[in-house]
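Worksheet: the structure to be examined is printed underneath.
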Amino acid sequence: MTDKKNGPRKVPAAAKNATALEQADTTVTKAVAPYQESWPVRALSAIGKLGDQPPMLAISSAVLGAGLVRGDRRMLRAGARMIAAHVIATATKNYIKHRVDRTRPHVLVEEGRYKMEPGHNQAKEETSFPSGHTAGAVAVARAFARDYPEHRRAAYAAAGVIALAQIPRCAHYPSDVAAGTAVGLAAEGLVQLATGRAESGENSHFPSDERAASQAVPEPGL
């Protein structure tokens with residue numbers, strides 16, 4: 001960020017009692033802060049906002065709706081998994097956010113304030129940990145890739161861009177993004193565990209050729 005009179009604003013360091021990880025996080029913030037208003041970061045910011053709850057739910061619902069209209073079982077299942085994974089990821093990140101107070105990077109940049117401690121502050125500026133945009137995007141991408149492994153690279157790349165965009169736009173620290181990724185993977189894993197068990201029982205009634213066709217192509221981990 002730039003001060004029109006004095007040039008680039010100096011970003012203060014984290015509190016003296018901050019951990020090594022927190023110090024590393026704020027070091028990254030200090031490095032990217034001068035570029036926060038540049039056009040590449042503005043473009044990334046626009047993409048990063050797609051990880052918000054309404055866009056993610058809209059995309060997931062669109063897949064579900066298209067599956068219903070087309071009578072496409074695979075697409076219907078993918079949409080349902082995407083919604084379920086996103087809902088679980090959102091609930092999980094909210095649970096954590098409401099128990100950890102952490103000021104966002106832009107607060108450090110603009111006001112020189114930083115803290116990370118147990119707490120129940122629900123103000124947006126105090127709920128940086130973990131990244132909800134990352135959690136939602138990763139959960140949805142992973143769920144989509146379960147049923148469309150041929151498109152997994154594109155799905156993972158989209159989620160990755162949304163996640164990484166949170167750092168230069170000073171919305172989250174790197175560790176917030178890492179924690180959001182873990183939340184998203186865990187949320188989708190729970191959905192897969194539940195649906196996998198249900199489908200294993202359902203598939204036992206299929207003829208062998210239908211059962212083979214219904215199984216997803218194995219894909220590598222995210």
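The values are calculated or read from the model by the stated rules, or taken from the named source; none is laboratory data. Keep in mind the model is a prediction, meaning the values are calculated, not measured. Only protein heavy atoms, including side chains, enter the accessible area calculation; ligands, DNA and RNA are left aside. Shrake-Rupley method; radii C 1.70, N 1.55, O 1.52, S 1.80 Å.
Here is how the numbers come out for the structure above:
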item	result
Region 41-137: relative contact order in percent, alpha carbon pairs under 8 Å with at least 6 residues between	30 percent
Accessible surface, region 72-181, averaged per residue in Å² (probe 1.4 Å)	38 Å²
Filter on Lys30/Lys97; Lys49/Lys93; Lys30/Lys93 - keep pairs with C-alpha separation over 21 Å	Lys30/Lys97; Lys30/Lys93
Accessible surface of region 109-160, 1.4 Å probe, proportion on carbon and sulfur as whole %	52 percent
Dimensionless Rg ratio for region 29-137, taking C-alpha atoms and the 2.2 N^0.38 Å reference	1.33
Part-to-part distance (alpha-carbon centres) for region 26-90 and region 174-193, which is given in Å	14 Å
